[in-house]
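The values are calculated or read from the model by the stated rules, or taken from the named source; none is laboratory data. What you are looking at is a predicted structure, and each value in this text was computed from that prediction instead of being measured. Virtual Cβ from ideal backbone geometry, glycine too; neighbours counted across all protein chains shown. What goes into the accessible areas is simple: the full protein's heavy atoms, side chains included, and nothing from ligands, DNA or RNA. Shrake-Rupley method; radii C 1.70, N 1.55, O 1.52, S 1.80 Å.
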Amino acid sequence: MRFHHFVLPLAVALVAATPAAAKTIKVEAGGADANEKLQEALIVAEPGDVVELGAGTWSLSDGLSLDVAGVTIRGAGTDEKGSILDFAGQQGAGEGLLVTSDDVFLTNFAVLNTKGDGIKSKGADRIVYHKLRVEWTAGPKETNGAYGIYPVESTDVLVDSVYVRGASDAGIYVGQSKNIVVRDSIAVENVAGIEIENSYDADVHDNIATRNTGGILVFDLPSLPMQGGHNVRVFDNAVADNSTPNFAPKGNIVASVPTGTGVLIMANRNVEVFDNAFDQNGTANVMIVGYRYEHKDPKYQPLPRRIVVRDNAHGKAGYAPAFDGGAQIAAAFGGAIPPVLWDGAGENVIVLDKVGVLSLNLPDVTTPRSEAKPSPADLSKGTPPAALPGIKLPAAMEAKVQ
Amino acid sequence: MKRVFAALAAALLCASGASGVPLPGVNQDVIDSDAMPPKLSAFGLFHAGSPRAPLARIGYTLRTPLFSDYTDKHRYISIPAGKKARVLADGTIEFPVGTVLIKSFGWPDVNEGRPVETRLLIRRASGWVALPYIWDADGKDATLALGGRRVPVRFKSPDGQTHEIRYAVPNKNQCKECHSLNGEIVPIGPKGRNFVLDPPGSEHFQSVYFEDPAALKPTMPQWDDPKSGSVESRARAYLDVNCAHCHNPAGSASNSGLFLRWTDDPTTVNYGIGKRPTAAGRGSGGMDFAIQPGDPDHSFMIYRLESTDPGIAMPEVGRSTVHKEGAALLRQWIAEMPKDAH
């Protein structure tokens, strides 16, 4: 009898979750109406369906979009022999591909040269980005789109094994979302390699962030519907040679990121940075700052709080600090500033790495940077908060990438 | 079977408002089904072969319309016989199941003024459904274009300038990008504060289709008529109609934190005053604020409205030309703001 109790509900659940007629809709590049056929496939697909992209290049004049839950878009690869969505001739839409439905799986294709963002998903819970290439192929240019991979306002986000190059804002940007994993990915020659902004509960691990302006950013900004970013772990990443001059359009917050930044934490609480390998970041391997712009948001908390930096490997850093007055400070320190830089604002900022910390001694975020009084600081004495537990995603999401 | 158009036609054609002869046509069964017919004629919403002769005879206009590449829009409503729409407290109009909102787009100097496309917004039991149809070359019927299409057109705008554009007929998903509230499709235009029956019709006619026709009193100004309101109120009406369907806390641009509804406080950061770019990318144009009071040239809201580059332009869909007159109104509004407003 127990047998029946267990099996019957399970069988019912399986039937409900897997539509009887889940099918594969195959679309091919080439042909006069290839673009319309692709978009139509994304519209007529039903939950459980796979839209399979053949090998080849679609030269798209408009953005694509998917609004059906539970659909997989699967390509034949991300290299030049794979499935390439080329937006060089794009005439409309703010992104290349927009996903607005839940439980979507994007895998094994490339999105190139979009005028705005590469792939955006909004309000798309349990989305999985996997084995994708999003690239502006001419490399860093201010005229490139802002974000490469751009999930926003979503719960349960997985970005796994993607490659993003050339974004004029952030290569991988997760905004106003909860329960996030970004792993095993490569971000090259973006302004920000990976950015977690106004989000809760994120693990960023085993990524390579190199030749960006800044490697990995954890930000919180005012006057947005979701703010108070917290519980972010940045670990086991290689963050090296982030030396590309900042090419973000002025006005955007990342335009203020100094060239040569490894990890930058601004106005979050409970952030852990550990077991990363840093090298050749000319401003700093790790930077911890408050939000120092004027704002009128009484609910906003501009200070970094309960930040822990531990067990990281530090190569060369601080030899080309790209902020006002940086060169003079470096000269005063014998040619390079210490690898960890703190503006002096915030509470419980703890650095256990056996490297130097430079404080600008600006605890009040309304004090202008020009009044910095830089000095070495010892941040190893505080009591670290309890370690964060780590992110668990729904098993069905992990199963998609196994 | 009694149909709405019949009663409507009767109301329009007979001065007395007495019943007339039912016309053949509107196929309520198709409207009420889950079908996405490949041909517009399946709905029977138009006289056969005549895109300018709708059978659904409730016509309407909007005090301030959404700009769509200078198209002339013709708007109609088909409401099932015996059912009525009602105006809710917040000004939105609740239409009964079986309603179709019909909007045709064209230019006076393209195809002798025949519409290029007709979009349907159908209220089915499961919710609103958006379907785009493109008129065939012979103008006798229109074909479903779920995936959207670019249609090359050449037209003159009211200032006499000739435009050659690849006009974008939206795909089904793009319909929803604008018509989205909490992820569900909703009508945008017909709100009590902006809605005008055209022709106005008698009180009897109105009461056949609206529970409370007295609530249909448009209060929002007409964006291009200075007699209808101040520059500020007309600018706010323009932003409400052209932007707020996405720029509201439940819309497609909710994450931007920029909210431009008629009911939003126009002095706040969230209305754009001193608001820094969030995810604007190139849309910032190198500027710090969406609205810099007193300085439209350093307000990236203007920069985005005056661009047609997809990485910069706002709105993101539905526009391949710059609405010079609309942008001029917003420029004037920002220029007249006190410089210390933020």
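Set the Förster distance to 56 Å, then compute FRET efficiency between B:Ser230 and A:Arg369 from the Cβ-Cβ distance, nearest 0.05. Each step should come with its number before you reach the end.
Numbers: r = 42 Å, r/R0 = 0.75.
That gives a FRET efficiency of 0.85.
Any idea how far the Cα center of the range A:273-319 sits from the one of the range B:197-246, in Å?
When both Cα centres are located, 52 Å separates them.
If you average 1/r over all unlike Cα pairs in the range A:58-135 and invert the result, what Kirkwood radius do you get in angstrom?
Values: mean 1/r = 0.0813 Å⁻¹.
Roughly 12.3 Å, rounded to one decimal.
Is the range A:167-394 rounded, prolate or oblate when judged by the Cα gyration tensor, a ≥ b ≥ c being the square roots of its eigenvalues, rounded requiring a/c under 1.5 and prolate requiring a/b larger than b/c? Please report the intermediate quantities before stating the final value.
Values: a/c = 1.24, a/b = 1.16, b/c = 1.07.
Rounded.
Which value, in Å² rounded to 10, gives the accessible area of B:Thr267 with a 1.4 Å probe and all protein chains present?
100 Å²
Once the piece of chain linking B:His47 and B:Ala89 is laid out straight, how much longer is it, given 0.36 nm per residue of separation minus the C-alpha distance between them?
Numbers: separation 42, 0.36 × 42 = 15.12 nm, distance 3.60 nm.
The B:His47-B:Ala89 span can extend by a further 11.5 nm.
For the range A:26-92, what is the convex hull volume of its Cα atoms per residue in Å³? Walk me through the numbers before you get to the answer.
Numbers: hull volume 5.3 nm³, N = 67.
Value for the range A:26-92: 78 Å³ per residue.
Given +1 on the Cβ of Lys and Arg, -1 on the Cβ of Asp and Glu, and no further charges, what dipole in debye does chain B carry about its Cα centre, rounded to the nearest 20?
Dipole size: approximately 640 debye.
How much mean residue ellipticity at 222 nm does the protein assembly as shown get from its helices, if each DSSP H run of length 4 or more adds -39500 (n - 2.57) and you divide by all residues, to the nearest 500 deg cm²/dmol? Present the calculation step by step, with values, prior to reporting the outcome.
On the way: 11 runs with 99 residues, N = 744.
The helix contribution divided over the protein assembly as shown gives -4000 deg cm²/dmol.
Could you give the dipole magnitude of the protein assembly as shown about its Cα centre, charging the beta-carbon of Lys and Arg +1 and that of Asp and Glu -1, in debye to the nearest 20? Can you show the working numbers first?
On the way: 72 positive and 83 negative charges, 270 e Å.
Computed charge dipole of the protein assembly as shown: roughly 1300 debye.
What's the percent breakdown of Cα-Cα distances in the range B:61-123 across 10 Å bins, shortest bin first?
19, 41, 29, 10, 0
Within 10 Å of each Cβ of B:280-291, how many other protein chain Cβ atoms are there on average?
6
Using the charge dipole of the protein assembly as shown (Lys, Arg: +1 at Cβ; Asp, Glu: -1 at Cβ; taken about the Cα centre), state which of A:Thr155, A:Ser375, A:Ala331 has its Cα farthest towards the positive end.
A:Thr155
Using only the alpha carbons, work out the radius of gyration and Dmax of the range B:226-335 in angstrom.
Cα only, the range B:226-335: 12.7, 38 Å (Rg, Dmax).
Could you list, in their original order, any pairs among A:Lys250/A:Lys316; B:Lys103/B:Lys227; B:Lys191/B:Lys324; A:Lys131/A:Lys316; A:Lys23/A:Lys400 whose Cα atoms are separated by more than 21 Å?
Values: A:Lys250/A:Lys316 29 Å; B:Lys103/B:Lys227 28 Å; B:Lys191/B:Lys324 25 Å; A:Lys131/A:Lys316 31 Å; A:Lys23/A:Lys400 17 Å.
Pairs exceeding the cut-off: A:Lys250/A:Lys316; B:Lys103/B:Lys227; B:Lys191/B:Lys324; A:Lys131/A:Lys316.
What is the pair-distance distribution P(r) of the range A:250-381, computed from all Cα-Cα distances in 10 Å bins starting at 0, with each bin given as a whole percent?
13, 47, 34, 6, 0
How many nm separate the modelled label positions at A:Val50 and B:Ala335, each set 7 Å beyond the Cα in the direction of the Cβ?
6.0 nm
Looking at chain A, send over the antiparallel percent of its DSSP beta bridges, to the nearest 5. All intermediate terms of the calculation are to be shown ahead of the outcome.
On the way: 3 of 118 bridges.
Approximately 5 percent, going by the DSSP bridge assignments.
Computed on alpha carbon atoms, what radius of gyration and Dmax characterise the range A:105-240, expressed in Å?
Computed over the Cα atoms of the range A:105-240, radius of gyration and Dmax are 13.1, 36 Å.
Using only alpha carbon positions, build the gyration tensor of the range A:194-285, then give the equivalent ellipsoid semi-axes as the square roots of 5 times its eigenvalues, largest first, whole angstrom.
On the way: eigenvalues 84, 63, 15 Å².
Those come to 20, 18, 9 Å.
Say the dipole of chain B comes from +1 at the beta carbon of Lys and Arg and -1 at that of Asp and Glu; which of B:Leu197, B:Gln292, B:Gln332 then lies farthest toward its positive end?
B:Leu197
Do you know which residues of the range A:245-289 lose at least 30 square angstrom of accessible area in the protein assembly compared with their chain on its own, with a 1.4 angstrom probe?
Those are A:Pro249, A:Lys250, A:Gly251, A:Asn252, which lose 30 Å² or more relative to the chain on its own.
Could you identify which residue out of A:Ala110, A:Ala327, A:Ala317 has the top mean-square fluctuation in a GNM of chain A using Cα springs shorter than 10 Å?
A:Ala327
Taking the radius of gyration and the Kirkwood hydrodynamic radius from Cα positions alone, what is the Rg/Rh ratio for chain B, to two decimal places?
Numbers: Rg = 20.6 Å, Rh = 21.1 Å.
Rounded to two decimals, Rg over Rh is 0.98.
Obtain the radius of gyration and the Kirkwood radius of the range A:280-326 from its C-alpha atoms and give Rg over Rh. Walk me through the intermediate numbers first.
Working: Rg = 14.4 Å, Rh = 13.3 Å.
Result for the range A:280-326 is an Rg/Rh of 1.08.
Keeping every protein chain in place, order A:Asp117, B:Asp225 by accessible area at 1.4 Å, biggest value first, i.e. largest first. Can you show the working numbers first?
Working: A:Asp117 15, B:Asp225 35 Å².
The ordering from most to least exposed comes out as B:Asp225, A:Asp117.
In sequence order, what are the phi-derived ³J(HN,Hα) couplings for the range A:72-80 according to the Karplus relation 6.51 cos²θ - 1.76 cosθ + 1.60 with θ = phi - 60°, rounded to whole Hz, with x for glycine and proline?
9, 10, 10, x, 9, x, 9, 8, 5
Please work out the Cα convex hull volume for the range B:201-291 and give it in Å³ per residue.
Considering the Cα atoms of the range B:201-291, their hull volume per residue is 138 Å³.
Pairing the Cα long axis of helix B:231-242 with the longest principal axis of chain B, what angle in degrees results, from 0 to 90 and rounded to the nearest 10?
Between helix and principal axis, roughly 60 degrees.
Evaluate peptide B:309-318: per residue, the Cβ atoms of other protein chains within 10 Å of its Cβ; return the mean as an integer. Before the final figure, lay out the partial values.
Working: counts 5, 15, 14, 5, 5, 1, 1, 7, 6, 1.
For this peptide, the per-residue mean of nearby foreign Cβ atoms is 6.
Taking K and R as +1 and D and E as -1, what net charge do the other residues with C-beta under 14 Å from the C-beta of B:Cys246 add up to?
Values: positive: A:Lys120, A:Lys122, B:Lys176, B:Arg261, B:Arg304, B:Arg319; negative: A:Glu95, A:Glu153, B:Glu177, B:Asp240, B:Asp264, B:Glu316.
Neighbour charge sum, excluding B:Cys246 itself: 0.
For the interface of chains A and B, what total accessible area is buried with a 1.4 Å probe, rounded to the nearest 100 Å²? Mind dumping the intermediate values first?
Values: alone 16670 and 15670 Å², together 29100 Å².
In total, this chain pair buries about 3200 Å².
Tell me the volume per residue, in Å³, of the convex hull enclosing the alpha carbons of the protein assembly as shown.
Residue-normalised Cα hull volume stands at 178 Å³.
Bin width 5 Å, origin at 0, all Cα-Cα pairs of the range B:126-253: what percent of pairs per bin?
For the range B:126-253, the pair-distance distribution reads 2, 9, 11, 13, 16, 20, 17, 9, 3, 0.
Assuming R0 = 22 Å, can you tell me the calculated FRET efficiency for the pair B:Ala214 and B:Val97, based on Cβ-Cβ distance, to the nearest 0.05? Please report the intermediate quantities before stating the final value.
Values: r = 24 Å, r/R0 = 1.10.
About 0.35, to the nearest 0.05.
Taking the alpha carbon gyration tensor of the range A:93-147, what are the square roots of 5 times its eigenvalues, largest first, to the nearest whole Å? Write out the running numbers ahead of the final one.
On the way: eigenvalues 93, 33, 10 Å².
Ellipsoid semi-axes (Å, largest first): 22, 13, 7.
Helix A:2-17 versus the longest principal axis of chain A: what is the Cα-based angle in degrees, 0 to 90, to the nearest 10?
It works out to around 90 degrees.
Rounded to the nearest 20 debye, what is the charge dipole size of chain A about its Cα centre when +1 sits on each Lys and Arg Cβ and -1 on each Asp and Glu Cβ?
Roughly 660 debye, rounded to the nearest 20.
So what is the orientation-averaged projected area of chain A, using the convex hull of its C-alpha atoms, in nm²?
21.6 nm²
What is the average number of partner chain Cβ atoms found within 10 Å of a Cβ in A:168-176? Write out the running numbers ahead of the final one.
Details: counts 3, 6, 2, 0, 0, 1, 0, 3, 5.
Average neighbour count from other chains, rounded to a whole number: 2.
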